[in-house]
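Here's the structure, in structure tokens; my notes come after.
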Amino acid sequence: AFPHRPLGCQTYPFWPRHVASKRTWSWEKHNCPGIADTAPVVPEAEVSVSVALEALREDGALEENADTGEWRRWIMEDPEAAPFLTDLREAVSDTINHTEVYKSDRMFVLDTWYDGQEDASRTFHF
């Protein structure tokens with residue numbers, strides 16, 4: 001059952017909005033105890049694949065329960081994928097916005113949205 005998880009579960013925590021900056025990654029670490037400094041290091045190539053697949057899912061190009069094997073192979077093995085990944089990294093950092101709505105010693109509230117998106121996603125970090 002584990003390999004057949006929904007795509008969002010397969011790619012978490014390497015979602016574009018989480019890897020957009022060191023700050024967003026740090027915020028997500030507060031939200032998920034599994035993202036720890038002592039966690040196993042994930043190779044950069046695997047992170048890139050997860051970010052790319054999640055971006056494609058968010059864009060509607062991949063369905064939640066899509067078989068991602070061919071996409072993974074293309075991203076990992078095809079030299080033509082390199083420019084795609086570079087463009088994706090630039091697009092992610094340029095289009096994701098964050099606003100700290102509230103901050104205290106015990107928690108903070110963060111609004112996150114993509115350029116052109118009307119509603120922000122609000123997360124609470126303790």
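The values are calculated or read from the model by the stated rules, or taken from the named source; none is laboratory data. Model, not experiment: these values are computed from the prediction. As a convention, Cβ positions derive from the backbone with ideal geometry for all residues, glycine included, and neighbour counts pool all protein chains shown. We work out accessible area using only protein heavy atoms, side chains counted, and drop any ligands, DNA or RNA first. Shrake-Rupley method; radii C 1.70, N 1.55, O 1.52, S 1.80 Å.
Please work out which one of (1) open to solvent by 60 Å² or more (accessible area, probe 1.4 Å); (2) more than 17 Å from the chain's Cα centre (by Cα) is the condition D87 fails and give its number.
Among (1) open to solvent by 60 Å² or more (accessible area, probe 1.4 Å); (2) more than 17 Å from the chain's Cα centre (by Cα), D87 violates only (2).
Considering only residues that are in a helix (DSSP H, G or I), open to solvent by 40 Å² or more (accessible area, probe 1.4 Å), among the charged types (D, E, K, R) and over 23 Å from W74 (Cα atoms), which ones fall in the stretch 18-49?
If the condition is that a residue be in a helix (DSSP H, G or I), open to solvent by 40 Å² or more (accessible area, probe 1.4 Å), among the charged types (D, E, K, R) and over 23 Å from W74 (Cα atoms), then K22, R23, K29 are the ones that fit.
Anything in the stretch 83-99 that is touching a strand residue (DSSP E or B) at 6+ places or on another chain (Cβ under 6 Å) and modelled with pLDDT of 80 or more? List them, or say none.
T99 - this is the single residue of the stretch 83-99 that is touching a strand residue (DSSP E or B) at 6+ places or on another chain (Cβ under 6 Å) and modelled with pLDDT of 80 or more.
Would you please name the residue that is nearest to Y102 (Cα to Cα), looking only at residues in the stretch 12-35 that are in contact (Cβ under 8 Å) with a residue 60 or more places away in the chain and of a type outside the set (S, T, Y)?
Per the stated criteria, the residue is W27.
Say whether the condition of being in contact (Cβ under 8 Å) with a residue 24 or more places away in the chain, assigned to a loop (DSSP other than H, G, I, E, B) and either open to solvent by less than 30 Å² (accessible area, probe 1.4 Å) or small (G, A, S) (or both) is met by at least one residue in the stretch 68-82.
Scanning the stretch 68-82 turns up at least one residue that is in contact (Cβ under 8 Å) with a residue 24 or more places away in the chain, assigned to a loop (DSSP other than H, G, I, E, B) and either open to solvent by less than 30 Å² (accessible area, probe 1.4 Å) or small (G, A, S) (or both).
Search the stretch 92-126 for residues being touching a residue at least 24 places away in the same chain (Cβ under 8 Å) and in a helix (DSSP H, G or I), and hand back the single one that is most open to solvent (accessible area, probe 1.4 Å).
It comes out as S93.
Which of the numbered conditions does P6 fail, given that it passes all the others? Conditions: (1) under 12 Å from the mean Cα position of the chain (by Cα); (2) modelled with pLDDT of 80 or more.
Going through (1) under 12 Å from the mean Cα position of the chain (by Cα); (2) modelled with pLDDT of 80 or more one by one, P6 breaks only (1).
When the stretch 5-17 is examined, which residues are found to be of a type outside the set (A, V, I, L, M, F, W, C) and surrounded by 15 or more Cβ atoms within 10 Å (Cβ to Cβ)? So that I can check it myself, show each step before the final result.
Taking the stretch 5-17 and keeping what is of a type outside the set (A, V, I, L, M, F, W, C), we get 5-6, 8, 10-13, 16-17.
Correct list: Q10, T11, Y12, P13, P16, R17.
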